[in-house]
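Right, one structure below, let's go through it.
Read the figures in this text as sums done on the coordinates, not as results from a lab. All figures in this text were calculated on a predicted structure; none of them were measured in a lab. Because the Cβ atoms are built from the backbone with ideal geometry, glycine has one as well, and the counts that use them run over all protein chains shown.
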Amino acid sequence: MIKISYIKNCSEDTENCPECGGNIIINSYEKICQECGLVINKFFRETAFISNDLKSKSNLNKQYVALGERTDFIGGLGSFIDYEKSKYLKDKSGKLLPPSEQKLFRRLKKNYAQFLRIKNHETEYRVFNILNKISLYLNLSRNIRNNAAYYYKKIIKTEEKVINNISLIAFCIFFAARKEYHNAPITINEISKAFQNFGHRVNPRLILRDGIRYKHLLNNESSPHKSEDYLIRLIDEVIKHKDLKSRLVKKGIFWSVAEFQNKLLAKCREILKELPLWNRGGRNPFILTGAVIYLADKLLGKEYNQKAILTQKIISQATHIAEYSIRDHYVNLLKPFFIINHPI
């Protein structure tokens, strides 16, 4: 599926896509249409710096930038002396220091060890190291990582005692990803599995516990996710299944993988438009999306007078949704609504 990805000039107050009228979401540093993928505008965020309101008239006292003030990093105030492994130190104009000063600053650089930089902040240093590893593992944007660190600092600044710092940063990652609409929402199960892969005993129950306990300290204005938010991501996972091409050949389908993906996506969106929120009955939107993909494949088979391509097992393996959950949503919700009563 080819997505249009160009910058279109429009005002920052635009709430709907100028092409298809879909909702606009913020992904990393861009405003993107949730429906067609059109890049509406770039989104810039301010860098982290601190301004001091001091009565002194000196320019040196009004503003400073320090490594210790980075949102997701714990370090000492001020800057480091040259690069980490540099052997010869230079002054501000790039000239080598005299031998006596070389000896002095090398000793100062050696004594300014990591322990001194993180003194009294050992827990935060360890938590932010974990945050950076999880961000790389889950391919999170820089905004999500920085916002998760900001939420963590905001909570520990208010709470005198935190039950579990690791599960708290896991909740902050989930909350930040939920606010950011990171391509497709990240589930609590995926976050807990990422922590478990790095040897941390974090499960969904602990993340939910911290969410209930601490979310009142954050500005919680995010709306609940819908199946439409997970659609592109899960269809992409199904299309990448190792048995899909062989299934197309076995069922005598002459579509290419890309054609099947486009038709499947269009049919899923058609189904979700016909399925109102009231009929979804508060079901898990992630699991419901897997069942919608299964139904869409069956409806495509009827529409083009051919056999269905996907099975519940293939969708389950691709999306990591249990087969019985897909079957339950299909049999009890989707099949009566779309096939028995009023098929599309």
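When S100, S316 are sorted by how many other C-beta atoms sit within 10 angstrom of their C-beta, beginning with the fewest, the order is S100, S316. For the stretch 233-247, backbone phi angles converted through the Karplus equation (6.51, -1.76, 1.60; θ = phi - 60°) give residue-by-residue couplings of 5, 6, 5, 4, 5, 5, 5, 7, 5, 5, 9, 5, 4, 5, 5 Hz, Gly and Pro being listed as x. What the phi angles of the stretch 267-273 give under the Karplus curve with 6.51, -1.76 and 1.60, with θ = phi - 60°, is a coupling list of 5, 4, 5, 5, 5, 5, 5 Hz, glycine and proline written as x. Between amide H atoms placed 1.01 Å from N, distances below 5 Å from K307 occur with no residue 5 or more places distant or on a separate chain. Among the listed pairs K273/K335; K267/K313; K133/K161, a Cα-Cα separation exceeding 22 Å is found for K133/K161. Computed from backbone phi with θ = phi - 60° and the Karplus coefficients 6.51, -1.76 and 1.60, the 3J(HN,Hα) list for the stretch 301-312 is x, 5, 5, 9, 6, 9, 7, 5, 9, 8, 10, 4 Hz; x is used for glycine and proline.
Here's how it looks for E30: its modeled amide H is under 5 Å from those of F43, which are all 5 or more places away or on a different chain.
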